[in-house]
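Report on one structure; see the data block that follows.
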Amino acid sequence: MSSCWVIELTSPLVPPLQHLYTFETKEEAEEALVKLVGPKRLVSDRDGTEVIYKVFGELTWKNLYALGLHNLPELKSILSQRDAGGAYNKNRHREIIAALENISRVLGLTIPAHWR
């Protein structure tokens, strides 16, 4: 009698892939996948009669920015204006940071100090 053992090795040094975003078209998903840093994966899934495309990757602010999520591109623009000493929308900056504080709690990420 023979037996087969499958051992799955996981490394604590490599964070698990997280579902980052869902796209309706394969082209959009493939474009997004190229922008991500680190391990990544594209998965197609049938949702009723439609196929959707899920992008998985490391859950980092850099990857969320690359996907254009959570107003991060707008925040970058605001921070550039602020750091250059120019006028910037302080209310919008506060709104984005407040939203990111909630998001960071849910996702387990830390907001960089220089964003505040």
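Residues that are surrounded by 11 or more Cβ atoms within 10 Å (Cβ to Cβ) and out of contact with any Phe, Trp or Tyr (no Cβ under 8 Å at 6 or more places or on another chain) within the stretch 31-46 comprise Glu31, Leu33, Lys35, Leu36, Val37, Gly38, Pro39, listed in sequence order.
With respect to the conditions (1) aromatic (Phe, Trp, Tyr); (2) at pLDDT below 90; (3) under 19 Å from the mean Cα position of the chain (by Cα), Trp5 lacks only one, and its number is (3).
For the stretch 57-90, residues that are assigned to a loop (DSSP other than H, G, I, E, B) and either closer than 19 Å to Thr22 by Cβ or of a type in the set (Lys, Arg) (or both) total 8.
Evaluate the stretch 91-100: report whether one residue or more is over 24 Å from Pro16 (Cβ atoms), without any contact (Cβ under 8 Å) to a residue 40 or more places away in the chain and outside the structural domain of Arg116 (by TED's automatic domain parsing). No, the conditions are met nowhere in the stretch 91-100. Note on the stretch 55-71: residues that are buried (at least 19 other Cβ atoms within 10 Å of the Cβ) and either free of Cβ contacts under 8 Å to residues at least 12 places away in the same chain or β-branched (Val, Ile, Thr) (or both) total 1.
Of the candidates Gly108, Gly86, the single residue that is at positive phi, of a type outside the set (Phe, Trp, Tyr) and either in contact (Cβ under 8 Å) with a residue 24 or more places away in the chain or not assigned by TED's automatic domain parsing to the domain that holds Leu20 (or both) is Gly108.
Looking across the stretch 83-96 at every residue that is within 21 Å of Trp61 (Cα to Cα) and exposed (fewer than 15 other Cβ atoms within 10 Å of the Cβ), the one that is farthest from the chain's Cα centre (by Cα) is identified as Asp83.
The values are calculated or read from the model by the stated rules, or taken from the named source; none is laboratory data. If you're wondering where the values come from, they're calculated on a predicted model, not measured in any experiment. Don't worry about glycine lacking a Cβ; one is built from the backbone with ideal geometry, like all the others, and counts go over all protein chains shown.
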